[in-house]
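Before any comments, here is the structure.
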Amino acid sequence: MALLHVNFFSDVLRMSAEMDVLLPQQTNGQIGMEGRAADGKYKTVYLLHGMSDDQTVWQRRTSIERYVSCLGIAVVMPTTHLGFYTDTTYGMKYWTFLSKELPRVCREFFPRMSEKREDTLAAGLSMGGYGAWKLALGAGETFGAGASLSGALDIVEDYKRQTDLPDGRGELFRGIFGSEEKLRGSDNEILTLAEKLAENARGEELPPLYAWCGTEDFLYEGNLRVWKRVTELGYQLTSETSAGDHQWKYWDKKIQDVLRWWLKTELDLE
């Protein structure tokens, strides 16, 4: 595969932005890894990071390049800082950047990336799991599915937990979302988005969703509440739990399951 470190200007954020991109490459001589290029347009995964991370973290903590090298798909790993994939109250429009500007820029830079929503997956961990489901539910014209690993899906409960911490994170979360009252029932709440989309679907297919969370994870109970409600709303949800907490050794394994789920493949990716 080709790995590209891309620095570009975001008109939405009014600043320079960064993303790392994996592109398919047909190769025959690599030792220990197969490289395959797809015919036609590339299916694309937008792979989102968590609170403490940036665009490099999926490459540093997992074998994502090796997992996708034989699949003929592209992977876009942007940085969105601590913006929680949201148009923040302090003026940084990370949601608009991610849902609108970034796909357009990627397709201009890399014309072989597919424009079809069914060829475009949003996936991520923790804060990025929240962002991935938000894209699937709130930007369905671009993203056809969403996958969350240990996601902060019950964002109101996470907001309350974070604002109760004594380390100053309360100011960060109030800067992103405003007050709890402003967050609750807004389009920044996953369940509000899911309910609106289900109500307005008018027979159209709802986006398939995937989720995993470890049973020892501090976000586990919140995940269960959200999974139950989206299932009641009629979403096709593939949800899995297993022993585990909030660590990369689980996400490295489960991103492979996400790829199998989305591509409907039985390939041995390990």
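The values are calculated or read from the model by the stated rules, or taken from the named source; none is laboratory data. For clarity, every value in this text was computed on a predicted model and none was experimentally measured. Quick reminder, even Gly has a Cβ in these numbers, built from the backbone with ideal geometry, and neighbours come from all protein chains shown. Quick note on the areas: whole protein, heavy atoms, side chains included, nothing else; ligands and nucleic acids left out. Shrake-Rupley method; radii C 1.70, N 1.55, O 1.52, S 1.80 Å.
Numbers for the structure displayed
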| quantity | calculated |
| --- | --- |
| Hits in segment 60-84 (condition: of a type outside the set (A, V, I, L, M), within 18 Å of GLY129 (Cβ to Cβ) and surrounded by fewer than 18 Cβ atoms within 10 Å (Cβ to Cβ)) | ARG61, THR79, HIS81 |
| Selection count, segment 134-143, where residues are out of contact with any Leu (no Cβ under 6 Å at 6 or more places or on another chain) and either open to solvent by less than 10 Å² (accessible area, probe 1.4 Å) or part of a helix (DSSP H, G or I) (or both) | 4 |
| In segment 13-34, the residues that are closer than 16 Å to ILE64 by Cα and modelled with pLDDT under 85 | GLY32, MET33, GLU34 |
| Number of positions in segment 258-270 that are open to solvent by 50 Å² or more (accessible area, probe 1.4 Å), more than 18 Å from the chain's Cα centre (by Cα) and within 28 Å of GLU205 (Cα to Cα) | 3 |
| Single match in ASP119, ASP87, ASP154 (criterion: touching a strand residue (DSSP E or B) at 6+ places or on another chain (Cβ under 8 Å), more than 25 Å from SER16 (Cβ to Cβ) and open to solvent by 10 Å² or more (accessible area, probe 1.4 Å)) | ASP119 |
| Failed criterion for SER148 (all others in (1) part of a strand (DSSP E or B); (2) over 17 Å from the mean Cα position of the chain (by Cα) hold) | (2) |
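Listed here are the residues, each with its yes/no results for (1) more than 18 Å from the chain's Cα centre (by Cα); (2) not basic (Lys, Arg).
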site	(1), (2)
LEU183	yes, yes
LEU206	no, yes
LEU209	no, yes
GLU216	yes, yes
LYS254	no, no
